[in-house]
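The values are calculated or read from the model by the stated rules, or taken from the named source; none is laboratory data. This one's a predicted model, so the numbers in the text were calculated from it and none came from an experiment. Cβ atoms come from the backbone with ideal geometry, glycine included; neighbour counts cover every protein chain shown. When the accessible area is computed, the model is the full protein with side chains, heavy atoms only, and any ligands, DNA or RNA have been set aside. Shrake-Rupley method; radii C 1.70, N 1.55, O 1.52, S 1.80 Å.
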Amino acid sequence: KHEHIERSKITKNYSQVVFFDFETSTNKDTHKPYLVCHANVPMEKITSDLNDFSNKYYVEAKFGSSCAFQFLNSLDRNSVLIAHNIKYDIRFLMPHIFAVQFVERQGRLMGGSFKYYNPRTKKTFIHEIRDSCLMIAKKLIEFPEMFFTKTQQESVKKEIMPYALYTEENVEKETLTIEEAFKYITDKKDQEQFLKNITEWRLFMDPKKLTFSHILYATRYCQQDVRVLLFGYRKFRDMIKELTGLEIIEYLSLSSIGDDFMRKEGAYTDCYKLNGCVRRFIQKAVVGGRCMIRDNTKHKSKERVQDFDATSLYPSAIARLGFLKGVPKIIPDNATYLQLQSYDGYFVEINVRKINKRLHFPILSKLTEDGTRLFSNDITGNIIVDKYTLEDLIEFQDMEFDILGGYYFDSGRNYNCQSIIRRLFNLRKKKKKEGNNIQEIIKLLMNSVYGKTILKDEPKKIIYMDNEKEAMKYIMRNSDIICDFNKIVSDGFNTKYRIKILDETDDLFTSPHIGA
């Protein structure tokens, strides 16, 4: 099957965006929330005022073991909830929500939705979740330098936080001593900043300034984290809108935005997405980045090592290529290499008989049992390669081979990708020279535009059940496709099961012939 490449945005009704963050106690492996801070921004006001870093958007705080419940009750309309690493924060909402539908890929929570019955308003709301990490692959501490001027950075900097101080036992206390806190803040400058914060925030609890309110400190810290996320995300949104014209809240990841931007600019005109055995065959020609030392040998060096890092390798490839148009056709039996050369592109299974020229950095690779990709001169037998890999093997390794079969494209190439990526590259170069932080966003965007074309199969699917009876009934009826299941919430009032099943529906459409 094949289909035209269309937009991938999510369109649902929501009227506010909520930025939030939990603080938890740190006893061994058990994390229990004692605080959540959140800023509720109406959708129509999400556009940032770049000069306003005041408390215009008040960051609220909810305290105690019921803080997640209080937080959900404060949402009186359908909302988009955004956190930096949503997989961590969502676990504290799980006991209170139902009808969970999450998008999970390769162990990563991409986003999704859930329902919540608000007893305060006596209404059920549908909330969506987003992970800002999938948009901005940076730590929160890097946001100020990335998005703001030197003057603005002071208002949105990330503060000092002695996480290990907040054990379950300490969270229950009214105050703690500075001496106790300094056990977990060893850097002298961090200690000075910590004391400065306590002074400015008026958190000392005795005249001699020996004790402080650690819960109020955690509150100010968490509120500042939410502000950093809020202002950084809004600035990022403005930058992406300026570059692409797209609304980031409608997407789960930067790869989705990059993919849609290329489509919007005409890079995928007359190109198709593939499905089924053809897609799976061509996907095998995709080889990820290389990470190896010459001849795969270990070296121990005490000398200085120079890092010669090439600039924009993925964009450079896009700038040289054109995207294959049309649909794939089957390579005829007994096809010759001369015949393959007449096609615009092809993906072919070959039998490697002999490699006559050995390289320190070989072209062919295979996956080992532990999932490591090994590049080797000693790979023989059947392997699937694309046009350029086969040409390289012939030119640089004098390979002898037989053609076994595959697919070819003969409808030409769409070369719009070249001008689009060059335009972005030159814009980034200009902005970098000017010291404009938008150059970092352009870099992230360029490196992600190809990602959606080579999405892998997800042979397993995650579903959630809201009660034990429903879960056991489903498991018994579908035992042949159950991989595993576990109880993720059981607090006496609310029981939830996370069930992993084999998903045999082949409904994934991607463009590996472009990504490869």
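Only lysine pairs 8 or more places apart or on separate chains count here, and in the stretch 348-447 those with Cα atoms under 19 Å apart total 9.
In this view, the solvent-accessible surface of residue 205, computed with a 1.4 Å probe and all protein chains in place, comes to about 110 Å². Put 32, 188 in order of accessible area, highest first, and with a 1.4 Å probe you get 188, 32. Taken over the alpha carbons of the stretch 303-362 as equal point scatterers, the Debye sum produces base-10 log I(q)/I(0) values at 0.14, 0.28, 0.30 Å⁻¹ of -0.77, -1.18, -1.23. With the helix formula -39500 (n - 2.57) applied to DSSP H stretches of n ≥ 4, the chain reaches a computed 222 nm mean residue ellipticity of -9000 deg cm²/dmol. Set against the labelled values (1) 26.6; (2) 24.9; (3) 24.2, Kirkwood radius over Cα pairs in Å computed from this structure falls on (1).
The modelled label-to-label distance for the pair residue 410/residue 189, using points 7 Å beyond Cα in the direction of Cβ, is 6.5 nm. If R0 equals 30 Å, the separation of the Cβ atoms of residue 502 and residue 368 corresponds to a calculated FRET efficiency of about 0.75.
Using 0.36 nm per residue, how much length does the chain from residue 344 to residue 380 gain when fully extended, once their Cα-Cα distance is taken away?
Separation in residues times 0.36 nm, less the Cα-Cα distance, equals 10.3 nm.
Give me the one-decimal Kirkwood hydrodynamic radius in Å for the stretch 84-242, with the sum taken over alpha-carbon pairs.
Final number for the Kirkwood radius of the stretch 84-242 is 18.4 Å.
The length gained on full extension between residue 434 and residue 117, counted as 0.36 nm times the residue separation minus their Cα-Cα distance, comes to 109.1 nm.
Ligands, DNA and RNA left out, the accessible area of the chain computed with a 1.4 Å probe is 49% carbon and sulfur.
Across the protein chains, with a 1.4 Å probe defining accessible surface, the residues 200, 44 rank 44, 200 from largest area downward. Accessible surface computed residue by residue for the stretch 247-404, with neighbouring protein chains in place and a 1.4 Å probe, gives 58 Å² per residue.
Contact order for the stretch 100-181, expressed relative to its length and based on alpha carbon pairs under 8 Å spaced 6+ residues apart, stands at 15 percent. Subtracting the Cα-Cα distance of residue 66 and residue 153 from 0.36 nm times their residue separation leaves 28.0 nm of extension gain. Computed over the chain, relative contact order equals 16 percent, with contacts defined as Cα pairs under 8 Å that lie 6+ residues apart.
The 1.4 Å probe gives accessible areas that order 305, 171, largest first, as 305, 171.
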